[in-house]
Amino acid sequence: TERTFSILKPDATKRNLTGAVNAVIEKAGLRIVGQRRIQMSQAQAETFYAIHKERPFFGELVTFMTSGPVVVQVLEGENAVAKYREVMGATNPAQAAEGTIRKTFSESVGENTVHGSDSVENAKIEIAQFFQDGDIV
Ligand code: ATP
Ligand code: MG
């Protein structure tokens with residue numbers, strides 16, 4: 001079994017879609033073993049997305065991620081990292097497959113509803129940024 005890190009982004013909380021997204025996650029066989037609703041600070045968002053800091057959309061991304069509450073989650077299951085990437089769908093919702101979270105719920109590449117770790121190694125780093133061991137059960 002494996003763990004991945006997920007964020008339900010501000011467009012999800014703003015549109016009251018966190019339960020609907022969680023239903024898709026659970027239906028895919030992923031278990032939500034840690035979950036907390038937070039307001040990300042600018043510093044937290046900049047650290048989290050530091051890998052994208054030279055990209056032209058970095059400022060927009062940090063502004064969006066701090067524009068409202070997010071739900072940070074730890075998901076557990078077999079091949080959780082790859083499975084969640086599949087359930088999320090392509091970064092750009094216009095290119096996302098039918099039935100994926102981004103195809104179903106997202107309105108643009110910037111406001112694409114969910115984040116999921118892209119490797120097991122990054123999942124560990126990202127989980128540690130937002131969760132203490134005792135908060136994952
Ligand atoms: P995430 O890391 O959020 O799970 P991802 O791995 O599918 O998404 P990345 O390439 O890591 O995509 O980009 C991180 C985030 O930056 C995207 O989810 C999206 O919100 C934003 N982003 C990516 N490309 C663009 C773009 N061309 N214009 C605006 N925002 C973008
Ligand atoms: Mg990414």
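The values are calculated or read from the model by the stated rules, or taken from the named source; none is laboratory data. A quick note: this is a predicted structure, and the numbers were derived from the prediction, not measured. Neighbour counts run over all protein chains shown; Cβ positions are idealised from the backbone, glycine included. Surface accessibility is based on the protein's heavy atoms, side chains included, excluding ligands, DNA and RNA. Shrake-Rupley method; radii C 1.70, N 1.55, O 1.52, S 1.80 Å.
Data overview
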| read-out | value |
| --- | --- |
| Dipole magnitude (debye, nearest 20) for region 56-137, charges at Cβ of Lys, Arg, Asp, Glu | 160 |
| Extension gain (nm, one decimal) between Y49 and R15, 0.36 nm per residue minus Cα-Cα | 9.9 nm |
| Over the chain, relative contact order from alpha-carbon pairs under 8 Å, at least 6 apart, % | 38 |
| Euclidean distance between Cα centres, region 79-127 to region 20-42, Å | 12 |
| Overall Cα dimensions of the chain, principal axis frame, Å, largest first | 36, 34, 26 |
| Protein accessible area in the chain, 1.4 Å probe - carbon and sulfur % | 48 |
| Under 22 Å between alpha carbons - lysine pairs in the chain that sit 8 or more apart or on different chains | 11 |
| Accessible surface, the chain, averaged per residue in Å² (probe 1.4 Å) | 54 |
| Cα-centred dipole magnitude for the chain, charges only on beta-carbon of K, R (+1) and D, E (-1), debye, nearest 20 | 280 |
| Cα gyration tensor, region 32-107 - rounded (a/c under 1.5), prolate or oblate | oblate |
| N122 versus A97: modelled label distance in nm, points set 7 Å from Cα along the beta carbon direction | 1.9 |
| Around K124: net Lys/Arg minus Asp/Glu count, Cβ-Cβ under 12 Å | -3 |
